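Have a look at the structure below, then the notes.
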Amino acid sequence: MEYNDFLSDAKGNYKKLPEEKSELYKKNYIHIPEEYVEFIDFESNANYGASDEFAIRSYEKGVAERMGIRFDLVVGSNFVSVPKNMHIEILEAGSMEKEFFDNKLFKSVDDKFAALINAKTEKIIRIKLGEGEKENFNIMFVNTSRQLFSQVICEVAEGAELNLFEWHGSDAQRSSVQGIINETKIEEMAKMNLVVLHNENENTAVLDMHRGTVKSHGSLVQHFAYIGGRITRARGSVDLNGSGAHTDNAEIVLGTLDQKMDICTDIVNAAKGSLALLDSKAVLSDTSRCILKGFASIKDGAIASRSFVHERGLLLDNTAKIDSIPGMSVDEYDVKATHSSATAPIDEESLFYLSSRGMNKTQANLLLVDGFLGSNITKIKDTRLVYAISSILHDKVINKKCGIVPELSKEIMLIETGNEEDGERLLEEHYKYR
Amino acid sequence: MKRMVRDCLRSTTSIDDVDLVDSMILEIKNLHVCAEDKEIIKGIDLKIADGEFHVLMGPNGSGKTTLGKAIMGYPKLKVTQGDILVDGKSILELKTDERAKLGIFLQFQNPVEIDGIGFVNFINASHGAINGPTKDVKKFLSEIKERSQRLHMKDGIQKRSLNQGFSGGEKKKAEILQMGMLRPKFAILDEPDSGLDIDAIKVVAENVNEIAKENGTGLLVITHYSRILNYMKPQFVHIMSSGKIIAEGDSSIIKTLEEKGYEAFVNEG
């Protein structure tokens with residue numbers, strides 16, 4: 001497919017596809033209101049408005065000063081900084097060859113909003129590691145206008161290891177949309193750790209699309225923190241295509257006020273001896289709402305593979321709502337596959353216990369949020385990111401607002417976090433009751 | 001048998017030497033408490049000064065735990081009459097966390113288990129809420145370690161989630177460890193001996209004595225059995241039945257209790 005055909009296909013699919021294409025979830029999805037997308041101009045490829053490098057750099061400086069995180073690349077509205085590493089390439093979408101569009105993992109026909117991002121992304125970020133190479137990168141995406149559409153294509157060659165952190169923030173003053181497609185290809189024996197933090201402000205609709213393929217004995221470990229944005233729609237999948245391939249996906253959601261989150265992730269065992277884990281945890285307060293959809297499928301021939309979908313929800317207020325919908329499709333006999341889901345409000349006895357130890361409701365909520373989400377945060381290897389994400393969570397529990405870049409919290413005491421919730425251990429423990 | 005001897009006892013014990021004007025006093029006046037419209041506490045008077053050691057005994061269902069929870073401000077209980085005062089000021093309008101910040105500590109009979117909240121993080125958060133943020137983390141951790149060793153707690157228990165998977169005895173020890181770290185002015189210990197083996201009862205009792213002595217804590221120990229009192233020296237013993245205190249006295253009352261059981265007090269009360 002040539003670029004012009006690709007573009008026309010993307011625009012066409014955006015216009016004709018329903019918001020939720022899957023028959024399984026057509027009753028459970030969150031609508032993206034018109035106000036977040038009505039201003040998008042499909043006649044021009046340009047993103048909305050002029051580049052605001054000063055505002056973007058100010059935001060970056062704020063994050064660096066408060067969180068101590070330095071970025072190898074900053075992507076903003078009509079702005080991309082010069083990459084600080086030769087492994088990061090910035091490519092014009094219009095100049096990409098036919099093969100690139102043919103091999104894209106997230107095709108426009110797959111999803112209405114993937115089509116939107118495909119249609120509106122001008123610059124593609126490609127990270128390519130050669131055999132045995134090892135790199136760590138931090139990338140910031142910040143929207144200072146009304147729209148920001150980006151794509152990151154990661155290709156990790158045999159035996160290589162890539163650690164990638166993406167910070168998604170926004171300073172949008174009006175209803176805006178921020179979309180990202182992450183496409184990840186992990187070759188044999190290669191590893192990738194992806195940490196994605198969504199900390200957009202309350203004016204933003206967040207569209208997060210991520211797809212990965214993992215070949216033999218490769219590993220893709222992903223952490224997604226959905227904290228910001230008024231509305232979040234995430235669609236992800238990982239295909240384990242090689243024997244002994246592994247993926248471990250940890251998702252956390254913290255919703256306050258009237259935030260809405262729709263998180264759908266598929267894990268697919270398509271090869272023998274593969275291991276796929278999905279652990280999603282959501283804490284909601286006020287009138288926020290979250291739909292957690294995790295689906296595991298084990299394809300015919302994926303013998304001796306294992307798969308586990310684990311969804312947990314905690315409601316801090318009885319006006320918040322979580323729909324937790326784990327699913328599973330198993331086409332092979334010799335496998336271990338299971339799923340679990342549990343959601344509950346805060347137990348009154350627990351609150352009384354915590355308050356008897358001097359904690360007011362906010363302090364008790366902080367501890368409960370730390371405890372509930374902590375096991376998925378502390379799985380992140382980079383301690384700076386653990387502190388940064390925990391600090392944002394703390395600030396949001398206290399102030400409710402999203403998109404804030406707070407000072408690092410002094411209250412965080414990561415001496416220990418209670419039970420280590422290792423996904424593989426959970427799977428084995430859960431499976432023994434079957 | 002019913003003897004209102006507290007005031008005269010105070011004049012004969014060493015605690016009496018404490019200047020009560022400068023010390024804190026927890027006072028319960030004619031307290032009536034309902035749970036779901038059923039009256040559980042039916043008019044109780046009790047006065048505990050810091051440094052004093054009171055024991056509350058009574059048969060099952062007499063309202064001992066309810067009294068402890070009412071003092072702590074359990075939201076499902078309603079005080080229908082009377083008052084709870086600290087230093088002459090009513091605390092009825094205070095929330096539970098505000099009462100804890102005043103220095104009141106309740107050791108729960110069945111502490112809740114909360115998955116994911118690390119035990120040390122919990123103590124740190126609690127300590128921070130009551131005494132301000134931990135300034136010296138190293139010292140704080142070493143104190144936890146030292147206190148847990150004194151309580152003969154297993155290594156590694158601090159690394160588990162709050163009370164999760166703890167045995168009955170471990171839970172009780174974990175509560176006493178918290179008491180030690182939080183240094184309360186008044187501690188209500190609700191059956192600190194239940195679920196403990198003979199050796200552990202002694203360890204817990206010794207630790208409670210030590211913590212109370214270190215901080216001048218006023219104690220109200222709720223118990224069914226006198227075994228723990230072999231290692232503790234209460235100054236005041238109160239016997240409760242059907243929501244009322246039916247007998248009071250010094251520790252000699254425990255001997256009578258051992259010989260005749262609660263029945264004797266209930267009948268005479």
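Taking the listed residues B:Val237, B:Val221, B:Val204, the one that is part of a strand (DSSP E or B) and closer than 21 Å to B:Met153 by Cβ is B:Val221, with no other qualifying. Checking the structure you have, find out if any residue of the range B:239-261 is under 29 Å from B:Ser126 (Cβ atoms) and either open to solvent by 10 Å² or more (accessible area, probe 1.4 Å) or small (Gly, Ala, Ser) (or both). The answer is no, given that none of the residues of the range B:239-261 is under 29 Å from B:Ser126 (Cβ atoms) and either open to solvent by 10 Å² or more (accessible area, probe 1.4 Å) or small (Gly, Ala, Ser) (or both).
For the range B:224-234, the set of residues classified as open to solvent by 40 Å² or more (accessible area, probe 1.4 Å) and assigned to a helix (DSSP H, G or I) consists of B:Arg227, B:Asn230, listed by residue number. Among the residues making up the range B:171-181, none is aliphatic (A, V, I, L, M) and open to solvent by 10 Å² or more (accessible area, probe 1.4 Å).
Quick grid of which residues meet (1) in a strand (DSSP E or B); (2) open to solvent by less than 10 Å² (accessible area, probe 1.4 Å):
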{"site": "A:Gln173", "(1), (2)": "no, no"}
{"site": "A:Glu183", "(1), (2)": "yes, yes"}
{"site": "A:Met189", "(1), (2)": "no, no"}
{"site": "A:Val196", "(1), (2)": "yes, yes"}
{"site": "A:Phe224", "(1), (2)": "yes, yes"}
{"site": "A:Asp239", "(1), (2)": "yes, no"}
{"site": "A:Ile263", "(1), (2)": "yes, yes"}
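One residue is enough: does the range B:106-119 have a residue meeting the conditions open to solvent by 30 Å² or more (accessible area, probe 1.4 Å), in contact with a His (Cβ under 9 Å, 6 or more places away or on another chain) and modelled with pLDDT under 95? No - not one qualifying residue is present in the range B:106-119. Here A:Ile267, A:Ile303 are screened, and the one residue that is free of Cβ contacts under 8 Å to residues at least 60 places away in the same chain, of a type in the set (Val, Ile, Thr) and surrounded by fewer than 23 Cβ atoms within 10 Å (Cβ to Cβ) is A:Ile303.
Which of the following residues is of a type outside the set (Asp, Glu) and surrounded by fewer than 17 Cβ atoms within 10 Å (Cβ to Cβ): A:Leu91, A:Leu105, A:Leu73? That would be A:Leu91, the only listed residue that is of a type outside the set (Asp, Glu) and surrounded by fewer than 17 Cβ atoms within 10 Å (Cβ to Cβ).
Filtered by the rule that a residue be acidic (Asp, Glu), at pLDDT 95 or above and in a helix (DSSP H, G or I), the range A:10-54 gives A:Glu34, A:Glu35.
Looking across the range A:352-377 at every residue that is closer than 23 Å to B:Asn110 by Cα, of a type in the set (S, T, N, Q) and out of contact with any Ser or Thr (no Cβ under 7 Å at 6 or more places or on another chain), the one that is least open to solvent (accessible area, probe 1.4 Å) is identified as A:Asn365. Every condition in (1) over 30 Å from A:Ser375 (Cβ atoms); (2) part of a loop (DSSP other than H, G, I, E, B); (3) not charged (D, E, K, R) is met by B:Gly195 except one, and the failing one is (1). Would you confirm whether any residue within the range A:385-399 is at the interface with another protein chain (Cβ under 8 Å from one of its Cβ atoms) and part of a helix (DSSP H, G or I)? No, the range A:385-399 has no match at all.
Annotation: of all residues in the range B:160-170 being open to solvent by less than 40 Å² (accessible area, probe 1.4 Å) and within 14 Å of chain A (Cβ to nearest Cβ), the one that is modelled with the lowest pLDDT is B:Ser161.
Could you tell me whether B:Gly82 is more than 11 Å from chain A (Cβ to nearest Cβ) and more than 17 Å from A:Gly358 (Cα to Cα)?
yes
Going by the conditions given, is A:Thr343 in a strand (DSSP E or B), modelled with pLDDT of 90 or more, polar (S, T, N, Q) and open to solvent by less than 20 Å² (accessible area, probe 1.4 Å)? So A:Thr343 fails the test. A single member of A:Leu277, A:Leu284 is in contact with a strand residue (DSSP E or B) (Cβ under 6 Å, 6 or more places away or on another chain) and crowded, with 24+ Cβ neighbours inside 10 Å, and it is A:Leu284. Scan the range B:144-159 for residues that are within 13 Å of chain A (Cβ to nearest Cβ), closer than 28 Å to A:Asn360 by Cβ and either at pLDDT 90 or above or open to solvent by less than 40 Å² (accessible area, probe 1.4 Å) (or both) and the total you get is 3. Is it the case, given these coordinates, that B:Ala187 is aliphatic (A, V, I, L, M), touching a Phe, Trp or Tyr at 6+ places or on another chain (Cβ under 7 Å) and not in a loop (DSSP other than H, G, I, E, B)? Yes; evaluated as a whole, the condition is true for this residue.
Can you pull out every residue in the range B:96-131 that is among the polar types (S, T, N, Q) and either at the interface with chain A (Cβ under 8 Å from one of its Cβ atoms) or outside any strand (DSSP E or B) (or both)? Hits for the range B:96-131 are B:Thr96, B:Gln109, B:Asn110, B:Asn121, B:Asn124, B:Ser126, B:Asn131.
The values are calculated or read from the model by the stated rules, or taken from the named source; none is laboratory data. It should be emphasised that the depicted structure is a prediction, and the values quoted were computed from it without experimental measurement. Note that we place each Cβ from the backbone using ideal geometry, even for glycine, and neighbour counts take in every protein chain shown. Calculation scope for accessible area: heavy atoms of the full protein, side chains included, ligands and nucleic acids excluded. Shrake-Rupley method; radii C 1.70, N 1.55, O 1.52, S 1.80 Å.
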